[in-house]
Structures are given as C-alpha cells and as structure tokens.
C-alpha cells in the first residue's frame, strides 16, 4: 500500500504546485503585458470610464446607433446566449418582435434588408460590434433624430470602421460605443 500512496501524494503535491500556483501566476503575468494590463480595455470620455471595448452596451434611443440585442440584457457577469435553437417557438417570437421593432423605427426598408445581427443575440450576449452594413441601415433614423446630414454619418461610419486583422482575418466591424461617443462629439 505504501508503494502506491506515497508516490500518489507526491504527485498530487507537485500537480497542485504546478496547476494551482505556477500556471495562474504565469497567465497573470502574460495578462499584465496585454492592453489594459489584464483588466480589460476601457473607453473613457472626459476622464470618466464609460465602458469597456469588448463589452456591448444597450442603446435604445433613436438618436444613437444600436448594437446587437443581448440575451442577458448586457449583464457582463452573466454572459451567455439564449440556448434556444432556430426552431424554438419562443426564440422565433423574440426574433419576430425585434424585426417588428426595427421596422417601426426604420420605415422604408424591407425585412430582407435587416442585417441578421440586428435581430439575433450573439453567443456571449455582449457583442460590442456591428457590421458596416448594420450601421448603414441605421443612418437615416439617426440622421433624422439628430438633424444631421446622412453624408456626415456615413463619413463617421467610415472613420470608425475597424478593418480585418492583417486585412484577412475577420470582417470589418464598428464598435457601437466608440461610434456613439464620436456621434455625441459632433457639433
């Protein structure tokens, strides 16, 4: 029995040291070298933190660009998707309600012109980005509610567009919070 218990205890102690101490310290050290120092990249306005770069926020006012819907109402401590499939009647009812709401606020566009990301939540429920197309679909509403030229808003969209990583990986995207901050800064 001693031949099995003693080596098992030694191995357990070694693995505890590696897995519970050394590995977390290594990961924390690597995190300190990333933007934000492992605490996330914040977005500030007038010296005050207004949000995080990688966490979506809820915008419902017609004078702002809207982001993706969230299955968790943008609660970062409860990040998750809805876990309902495309054949689930409850899910289909929620998506249809979002489509109806979107069309009420965007008269003149057809259902087929609504980008899917504007009526479906992301897997995390916290996606901070929308596509360029999703921003352009909203230009008329925002321009009307702010009495701003659509051309100015289209220029702002181009300015806020983040290109694909290395020009190859991922789509072009727009961080909704950054776009709305720049929108508020227009005079």
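Applying the condition of being at negative phi and part of a loop (DSSP other than H, G, I, E, B) to the stretch 4-49 and asking which residue is surrounded by the most Cβ atoms within 10 Å (Cβ to Cβ) yields 41. Residue-level check: of (1) in a helix (DSSP H, G or I); (2) within 20 Å of the chain's Cα centre (by Cα), residue 121 misses just (1). Kindly evaluate residue 67 against the criterion of being in contact with a strand residue (DSSP E or B) (Cβ under 7 Å, 6 or more places away or on another chain), more than 21 Å from residue 94 (Cβ to Cβ) and part of a loop (DSSP other than H, G, I, E, B). It is false that residue 67 is in contact with a strand residue (DSSP E or B) (Cβ under 7 Å, 6 or more places away or on another chain), more than 21 Å from residue 94 (Cβ to Cβ) and part of a loop (DSSP other than H, G, I, E, B).
State whether the residues of the stretch 169-177 include one that is surrounded by fewer than 15 Cβ atoms within 10 Å (Cβ to Cβ), under 18 Å from the mean Cα position of the chain (by Cα) and not in a loop (DSSP other than H, G, I, E, B). For the stretch 169-177, residues surrounded by fewer than 15 Cβ atoms within 10 Å (Cβ to Cβ), under 18 Å from the mean Cα position of the chain (by Cα) and not in a loop (DSSP other than H, G, I, E, B): present.
Given the condition assigned by TED's automatic domain parsing to the domain that holds residue 174, surrounded by fewer than 13 Cβ atoms within 10 Å (Cβ to Cβ), within 28 Å of residue 161 (Cβ to Cβ) and modelled with pLDDT of 90 or more, answer yes or no: does some residue in the stretch 50-71 qualify? Yes, some residue in the stretch 50-71 is assigned by TED's automatic domain parsing to the domain that holds residue 174, surrounded by fewer than 13 Cβ atoms within 10 Å (Cβ to Cβ), within 28 Å of residue 161 (Cβ to Cβ) and modelled with pLDDT of 90 or more.
Being at pLDDT below 80 and farther than 18 Å from residue 182 by Cβ, is that true of even one residue in the stretch 2-13?
yes
Can you say whether residue 126 is surrounded by 18 or more Cβ atoms within 10 Å (Cβ to Cβ), in a loop (DSSP other than H, G, I, E, B) and touching a helix residue (DSSP H, G or I) at 6+ places or on another chain (Cβ under 9 Å), as far as the supplied structure shows? Yes; evaluated as a whole, the condition is true for this residue.
Please work out if residue 148 is assigned to a loop (DSSP other than H, G, I, E, B) and within 19 Å of residue 108 (Cβ to Cβ).
yes
The values are calculated or read from the model by the stated rules, or taken from the named source; none is laboratory data. Keep in mind the model is a prediction, meaning the values are calculated, not measured. A quick note on method: Cβ atoms are made from the backbone with ideal geometry, for glycine too, and the neighbour counts reach across all protein chains shown.
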